[in-house]
Amino acid sequence: MAEEYTPGYTRKASDFMAQRTAISHAAFLTPHLRNSARLLDCGCGPGSISCDLARILSSGQVTGIDREESQIELARNRASEQQLTNVTFKVGSIYELPFPDSSFDVVFAHAIFEHISSPDEALAEILRVLAPGGIVAIRSPDWGGFIVGPDVSGLQAAIKRYADLQNTNGGDVYVGRKLPRLLRDAGFDLLRFSATYDCSQSPSTISEVLALRLADMDADAVRAWSQDRDAFFAAAWCEILGTKIDR
Ligand SMILES: C[S@@+](CC[C@H](N)C(=O)[O-])C[C@H]1O[C@@H](n2cnc3c(N)ncnc32)[C@H](O)[C@@H]1O
């Protein structure tokens, strides 16, 4: 199936991703990291989480890949502004990771599985580049758990239309709950799964990212919601840790 990345690569969408930190979005993984680990971040986007992880892995090495050149450029600029010497970024597809077998101790994939049409192919590549005993760590939202209010006119229909668009583009807005089965089918052993809420303090930023991809009437509804002073948005994220057993 053809894939199209639904949020796109506008400045607003990239800035929205770049607010993410390892503390806010990778806390399910960080307690399991060894300082010297070689970590691959698949679909790193503008690289804010990758750079944080590079700081945590003080004697390790972080590699970020993304299929989009503009995101890799943003990530490289960020790493150089922060004077990080143990993180590199490369254009590449999760379906064809440009690395030899067993190159990494940890493979992290944040907010990418909900956008891809062949998660089984992506996981086969992750399994290949992961060293035996290594950890795979995946975090994706599941739209079944979103809490949004107040329910202004047209808001629910607009959210549904955005979800339908992402699914039509090859993604899966309900992939979060499917991660255990996907990992097990790919040959990983499951270590732990969990879910957390990300409660945005900036409804207008989210509404702009959604509005960019919606037709006028739906875009108006999400903007009207975001301007309500009681606007509330909490996204449910599913998190999973697995390992590659040395068989
Ligand atoms: C929602 S962003 C997440 C960025 C970052 N991981 C974060 O959470 O801030 C998803 C990223 O995955 C990338 N992506 C989508 N499909 C991809 C693929 N097949 N291979 C590599 N990257 C892909 C997109 O270009 C985008 O930058």
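For I135, the test of being open to solvent by less than 30 Å² (accessible area, probe 1.4 Å) and either modelled with pLDDT under 95 or under 18 Å from G187 (Cβ atoms) (or both) is passed. Looking across segment 54-78, the residues that are within 28 Å of E4 (Cβ to Cβ), outside any strand (DSSP E or B) and touching a residue at least 12 places away in the same chain (Cβ under 8 Å) come down to R67, E68, E69, S70, Q71, I72, L74, A75, R76, R78. Restricting segment 35-54 to residues that are among the charged types (D, E, K, R) and within 16 Å of the ligand (Cβ to nearest atom), the residue that is most open to solvent (accessible area, probe 1.4 Å) is D52. Scanning segment 199-247 for residues that are in a strand (DSSP E or B) and crowded, with 17+ Cβ neighbours inside 10 Å gives F233, A235, A236, W237, C238, E239, I240, L241, G242, T243. For segment 5-37, residues that are among the basic types (K, R) and in a loop (DSSP other than H, G, I, E, B) total 2.
Return yes or no: is G60 away from the ligand (no atom under 14 Å from the Cβ) and open to solvent by less than 20 Å² (accessible area, probe 1.4 Å)?
Working: away from the ligand (no atom under 14 Å from the Cβ): yes; open to solvent by less than 20 Å² (accessible area, probe 1.4 Å): yes.
When the stated conditions are applied, G60 passes them.
The values are calculated or read from the model by the stated rules, or taken from the named source; none is laboratory data. None of the values given here were measured: they were computed from a predicted structure. Quick reminder, even Gly has a Cβ in these numbers, built from the backbone with ideal geometry, and neighbours come from all protein chains shown. When the accessible area is computed, the model is the full protein with side chains, heavy atoms only, and any ligands, DNA or RNA have been set aside. Shrake-Rupley method; radii C 1.70, N 1.55, O 1.52, S 1.80 Å.
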